[in-house]
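Before any comments, here is the structure.
The values are calculated or read from the model by the stated rules, or taken from the named source; none is laboratory data. Quantities reported herein were computed from a predicted structural model and do not represent experimental measurements. Neighbour counts are summed over all protein chains in view; Cβ atoms, including those assigned to glycine, are modelled from backbone coordinates with ideal geometry. Quick note on the areas: whole protein, heavy atoms, side chains included, nothing else; ligands and nucleic acids left out. Shrake-Rupley method; radii C 1.70, N 1.55, O 1.52, S 1.80 Å.
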Amino acid sequence: DSFPEADKGLTYEQGFFIGMYLGDGSFQHKEETFTPQVCLSLNQQKYEKSIDILTKAINKIDENAEIRLGKSQNNVYPVSIRSWLVYNFMREYVSGNYSYEKELNMDCLLQSYDFRRGILDGYYATDGGNSNRIYTTSEKLVPQVEALITSLGMNSVIDVSDRTDEPVIIRGEEYERHYPLHCIRWYSQ
């Protein structure tokens, strides 16, 4: 469990929010808008499954945070949370704005089991497949998530799929893959 001298009383829901950011989040902070935003891109199913947990986490951080649901585009619901407190909370535990550069602050391991489990569950809810698998293009995030899984008493296996030489077709448009895809799978003991 957590270390008493480091325990901040963080909740499962707050961990879930961090995990959601790892899977489908980004930051927006422009000087002209003053207040930064934490943005999530969720499909309808992910949005409906997680909105209650998300709202509970954000209200615990900042009761006055402004949560906005944008107009759905290409089956994606853009959710933005405007708040300095929420932005600073997320920045405390996650760095990086793009999928290939995200990192998890390992100080999260000093917090409760529930908080750490929330991180894994939130990540799985946004960037997971079936059978306890999550995906990332961030090479730095791979060992950090593996350490998180280990701290929860589970084993993990990591596979890498480097198809950077193959194009991908999304909604009829062709894109290049710039980074190998890491699959992290975990197993209960």
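Residues Asn155, Asn130: which one is among the polar types (S, T, N, Q), out of contact with any Cys (no Cβ under 8 Å at 6 or more places or on another chain), on the phi < 0 side of the Ramachandran plot and part of a loop (DSSP other than H, G, I, E, B)?
On the way: Asn155 fails: part of a loop (DSSP other than H, G, I, E, B).
When all the criteria are applied, what remains is Asn130.
Return the residues of the stretch 93-102 that are at pLDDT 95 or above and farther than 12 Å from Phe27 by Cβ; say none if nothing qualifies. Scanning the stretch 93-102 gives a single hit, Tyr93. Among the residues of the stretch 111-142, those that are among the small types (Gly, Ala, Ser) and either open to solvent by 60 Å² or more (accessible area, probe 1.4 Å) or in contact with a Gly (Cβ under 9 Å, 6 or more places away or on another chain) (or both) comprise Ser112, Gly118, Gly122, Ala125, Gly128, Ser131, Ser138.
Go through the stretch 113-136 and report how many residues are out of contact with any Lys or Arg (no Cβ under 9 Å at 6 or more places or on another chain) and over 19 Å from Lys46 (Cβ atoms). Selection size over the stretch 113-136: 3.
Quick check: anything in the stretch 46-63 aromatic (Phe, Trp, Tyr) and at negative phi? Explain how you work it out, then say what you get.
To start, the set of residues in the stretch 46-63 that are aromatic (Phe, Trp, Tyr) comprises 47.
From what's left, at negative phi: 47.
For the stretch 46-63, residues aromatic (Phe, Trp, Tyr) and at negative phi: present.
Within the stretch 145-154, work out how many residues are open to solvent by less than 80 Å² (accessible area, probe 1.4 Å), without any contact (Cβ under 8 Å) to a residue 40 or more places away in the chain and either of a type outside the set (A, V, I, L, M) or touching a Lys or Arg at 6+ places or on another chain (Cβ under 7 Å) (or both). Show your work before the answer.
Of the residues in the stretch 145-154, the ones open to solvent by less than 80 Å² (accessible area, probe 1.4 Å) are 145-149, 151-154.
Going one step further and asking which of them are without any contact (Cβ under 8 Å) to a residue 40 or more places away in the chain, we end up with 146, 149, 152-154.
Still in the running and either of a type outside the set (A, V, I, L, M) or touching a Lys or Arg at 6+ places or on another chain (Cβ under 7 Å) (or both): 146, 152-153.
Total meeting the criteria: 3.
Against the definition (within 17 Å of Lys71 (Cβ to Cβ) and either at pLDDT 90 or above or of a type in the set (D, E, K, R) (or both)), how does Leu22 come out, yes or no? So Leu22 does not fit the description; no.
What tally of residues in the stretch 158-189 results from selecting those that are among the hydrophobic types (A, V, I, L, M, F, W, C) and either open to solvent by 70 Å² or more (accessible area, probe 1.4 Å) or not in a strand (DSSP E or B) (or both)?
So the answer is 3.
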